[in-house]
1. Give me the one-decimal Kirkwood hydrodynamic radius in Å for segment B:653-794, with the sum taken over alpha-carbon pairs.
2. Under the √(5λ) rule applied to the eigenvalues of the Cα gyration tensor, what semi-axes describe the equivalent ellipsoid of chain C? Give them in Å, descending.
3. If you keep only loop residues by DSSP, which chymotrypsin sites (Phe, Trp or Tyr not before Pro) in segment B:526-612 have at most 15 other Cβ atoms within 10 Å of their Cβ?
4. Translational diffusion coefficient, Stokes-Einstein: compute it for segment A:3-74 using the Kirkwood radius over C-alpha pairs as Rh, at 20 °C and 1.002 mPa s, and state it as an integer in µm² s⁻¹.
5. Any aspartates and glutamates with Cα under 12 Å of the B:Lys718 Cα? List them, leaving off those in the same chain fewer than 8 positions away.
6. Between B:His164 and C:Thr238, how many nm apart are label points set 7 Å from Cα along the C-beta direction?
7. Translational D (Stokes-Einstein, µm²/s) of segment B:52-193 at 10 °C and 1.306 mPa s when Rh comes from the Kirkwood sum over C-alpha pairs?
8. Per residue of B:535-546, count partner chain C-beta atoms within 10 Å of its C-beta, then hand back the mean as an integer.
Amino acid sequence: MRVNFTVNGRQQEADDVWEGESLLYVLRERMGLPGSKNACEQGECGSCTVRLDGVPVCSCLVAAGQVEGREVVTVEGLADFAAHRSEAHPGSGCASGACGTTLDQARRWEAGPSGEQPRDTGELSPIQQAFIDAGAVQCGFCTPGLLVAADELLERNPEPSDADIREALSGNLCRCTGYEKILDAVRLAAARAEETV
Amino acid sequence: MGVTGSPTNIHQGTRTRGGIGESTLRPDGILKVTGEFAYSSDMWHEDMLWGHTLRSTVAHAEIVSIDTSEALATPGVHAVLTYDDLPTSVKNYGLEIQDTPVLAHGKARHHGEPVALVAADHPETARRAAAKIRIDYRELPVITDEASATAPDAILVHEGRSDHHAGHVPHPNIVHRQPIVRGDADAAAARADVIVSGEYVFGMQDQAFLGPESGLAVPAEDGGVDLYVATQWLHSDLRQIAPVLGLPEDKVRMTLSGVGGAFGGREDLSMQIHACLLALRTGKPVKIVYNRFESFFGHVHRHPAKLWYEHGATRDGKLTHMKCRIVLDGGAYASASPAVVGNASSLSVGPYVIDDVDIEAIALYTNNPPCGAMRGFGAVQACFAYEAQMDKLAAELGMDPVEFRQLNAMEQGTLLPTGQVVDSPAPVAELLRRVKARPLPPERQWEVAGEQADVRALPGGLSNTTHGEGVVRGIGYAVGLKNVGFSEGFDDYSTARVRMEIVGGEPVVTVHTAMAEVGQGGVTVHAQIARTELGVAQVTIHPADTQVGSAGSTSASRQTYVTGGAVKHSCEAVREKVLEIGRRKFGTYHPAWATAELLLEDGKVVTDGGEVLADLADVLEDEAVDIELEWRHRPTEAFDLRTGQGNGHVQYSFAAHRAVVEVDTELGLVKVIELACAQDVGKALNPLSVEGQIQGGTTQGLGVAVMEEIIVDPKTAKVRNPSFTDYLIPTILDTPTIPVDVLELADDHAPYGLRGIGEAPTLSSTPAVLAAIRNATGLELNRTPVRPEHLTGT
Amino acid sequence: MDFLRPASWEEALAAKAEHPTAVPIAGGTDVMVEINFDHRRPEYLLDLNRIGELSEWEVGQENVRLGASVPYSHIMEHLRAELPGLALASHTVASPQIRNRGGVGGNLGTASPAGDAHPALLAAGAEVEAESVRGTRMIPIDAFYTGVKRNALEPDELIRAVHIKKADGPQQYSKVGTRNAMVIAVCAFGLALHPETRTVRTGIGSAAPTPVRAKAAEEFLNAALEEGGFWDSRTIITPSIAAQFATLAAGACNPIDDVRGTASYRRHAVGIMARRTLGWTWESYRGNGRSTEGAA
């Protein structure tokens, strides 16, 4: 079947979609947006969390056909989404494929020098920057889902208590960090937002 | 976090920004937060096919026949492979013993063993085709424990063993046995005023890394294959893959893709050979991605164990002796079982001084899921048991459990049961003192003045099971002993290629190793080492691949030590070469080139007095210095097969925990309130990463204390909970604050004095939580994980 | 597999009539797991996401008419006063992401004994509005669960809404899981005081082949409260009454041993939850709710 929907502000079309495919599969394998992660495919880890019409959901449990005509924001579009938040509509994200990882890109991948940002950090959303700064990223597989969930929490509740953070992120498993640095990151992003108000 | 200890000896370049000792940020951080980082499951190729693995539905059976005809005839299917399609006479692989069939032949030895492969143009096509493969099994009785494995008429899991352990084991269904005997435990027992014993059970834990097994194999024009995978050790994979494919190693080019966690579970092969076979057969790129269900069958787990311990002590609290017997269930294939046995036996004494010991550890072959490496590697199971013993002894003696441990704590100079002397700091008593000295978290944190009880702070959490009823607090302590690096005479080395050149007028260093970055932050540390050693700000970490020599495994807490050591070593060689060039070009202009101690700092050659002699740009001009060297730690020895004597380990690592828990004693639910850790890290190369490792390891220990267990049906040997619905790992609401206290007592034998850190916190976390639950409930609790049934006697 | 995308309720009913084996999918939180793990390959998936009215609710005099697809997160946020038991139950469902998608209609459709909504529905009192091209019928919740993952729906019927009695007194919900969040029930218990009728209703989850009420426990308690004049006096319930209620609640279970828990633990835990939820609701009824209700 054919599915049309908006991803990160850009109209997308997928053809020859098998009816049992999830939104996650379509994003990862058909749209070149592998940022949403495939850790459990049963809604028990949150690593595939995206915003569907603004609402955080597990994209592995949304049937591809269900997103027809709807708006999706993934981690690849999070920075733009956050930047445009004040205008109350999602911004335009990456073009199809531009944010994914082709084999060529993977081959060329090199870790940049640590402590230095290989690009303008203004391109990151505050929560993304806070995750880097607080050491909340290790293997990073849970990171995209956590970022989408944490960003939505701070949108709803700019000054969350620790218990609020824990509750909001209780659907996102992390196996590396023990969550302490993730809490730190959300606190940091909240504190930075308060400073700039 | 407090960092204390003696300063370590650093000769070069500490003044360069971003060097060791700083919490520099991850070089892959931005890619990871933007979703651009390429994990193995993110690989994509034009025209690629999807591989699928058909696995045995029974644990032990003869495979009478396999009919793939219908599957092959399915539109969209490009290949179906079974054992008969393997291209060479090498059809098995394995880390130490090559006992694991690439595809099952004649016999399936465990539930979920790969039997056939399918490549198709869509994953659903591959699944549907796999479902059409007809396998006729003739089921065999299952071997599930020591009794069934060593019964006189037991079926042999592996007939005709010829591996190097086969000759010394008491039964062919025992993979390896390692006794350690020192002193006279029976005679010492006679001197004991109190003797305590116990039988302990450790459940099967899963690594539960979040990134499932996956990768992409691309056939090459030269008949070889390019393989992109997530692994812990590229060269070990290569050594096992190439012979099965019938290719020379240089035609199997491996590149590390992004690794979504490992924790030991990627030390063995999973889909590597399968993807290559399908790619070579079809001539097309083949991607394989396990889902979570399959992942539970796709990698080995932590050995479940039964441990019997006896300890004695004198009335004044000194340990007299220890006897123990540790039975590890290795499952159907050897994997890392022999080394796990070596660890379990040699570390079974824990961080205590006990002169008279009688130790035996074995690993079984059974039809249970294969078990192998997981963070803590044999030391975890032992620590759970000996720490329970320490609490029992302290209780018998009426002593404080921490003071009792401190009284018997190992220190530098202690002679271990293996006859090895601990020759670097062993601050066991101090670590315990630190966790004990911390203020306790406030009581009854769920009570909010004038408000409703906040269930998020209570056992049961959001499930709203208590508002304080039945809740009792408990406190427990534990400390553990872990080795660092590969032991028992293994040639444990790493390789680093370091290149310095001038790009755009600035010196740039490229560090190329085959180290698997699995999240631990090795890439961060390598860049820091290069900055420190070469005084260059701009450091590029080359992707890990097999175009450079082996880095060894990202396991055994060894990578910062060994590959970090290799990077340091190669940097030193590059520095010498750069200085040599400098002397050649400029030596005649300034006497200091010949007489002074020279350093590289901020892109310049300087004297130790700080005088600038030359810019690196002028020294090198368009010349590049490019050096690849191996580096190895001090050699170790094998343990004697009868006495267990031998200098088997290179370094030890210590962590202590204090757990504060609240237990709903009526419902048997546990909330861990705080899990404080103190650990000696020798030298924190990156303090932020050190904390992250300690907190992460601590949480995995918490998981196996209260929830994590792969449940295998003892009648069928089938896994009952292969999903994240029923194999539970801690959420952020299950994980307490984890305050970390880091000591830096240098090990003079190690680079920068550092100590491997990744595993030690996983050891002591579990027994500390168990001790706290015992403290709250008064129950004996000899098994982990603790389930509500155990706490409620139901 | 075919993916049917009806744009209206009438189209959905027509599609279900034409393809009775079609599996309705709304939040997808059950169906997609089965598809992803290759446990199920339905001939037709019937997407209900485009039918907006299923995500709406109306608060009436007696009942709340809750659209089948109203997500749990909305029940938690907006229906706490009217449906306190169901709001508490909703808060225990899986994760925030799942609560944003899943709804009571899916829980009823799947009819798993472990579904979190069932004990709350049983305790509050509810009717399921089932509809087909043949017409609408109201299925009392007590008659809805017919077996393990089986319900009273006909093959051509879809769940349109659930009519749940508005709370006339305190309600509570407890669920035991071996993790502090994102966990499937080992067992669960819902309790509602109905001061208007001077009755108590209960619901037990995951401790029998279907969700059940602890009827003997209810009858005992109804009688004991009446005889003791507790509804009027609002005095503390005698501990022996609470204990007997708990024992009878445990006795209503018919559980199994499985990977999530043993049968005997389930019985035990249901008894504890029965006693505690009775204590919380009764304290609330007595006017001391703030300190006991729990902020789940």
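Bear in mind that the values in this text are calculations on the coordinates, not laboratory data. As the structure is a prediction and not an experimental result, all values here were calculated from the model. We place every Cβ from the backbone using ideal geometry, glycine too, and count neighbours over all the protein chains shown.
1. 16.2 Å
2. 34, 20, 16
3. Sites meeting the loop and neighbour criteria: B:Tyr589.
4. Using the Kirkwood radius from Cα pairs, D works out to 183 µm²/s.
5. In chain and number order, the partners are B:Glu113.
6. Computed distance between label sites B:His164 and C:Thr238 equals 7.7 nm.
7. Details: Rh = 18.0 Å.
Estimated diffusion coefficient is 88 µm²/s.
8. On the way: counts 0, 1, 3, 3, 6, 4, 5, 2, 6, 1, 1, 0.
Average per residue, whole number: 3.
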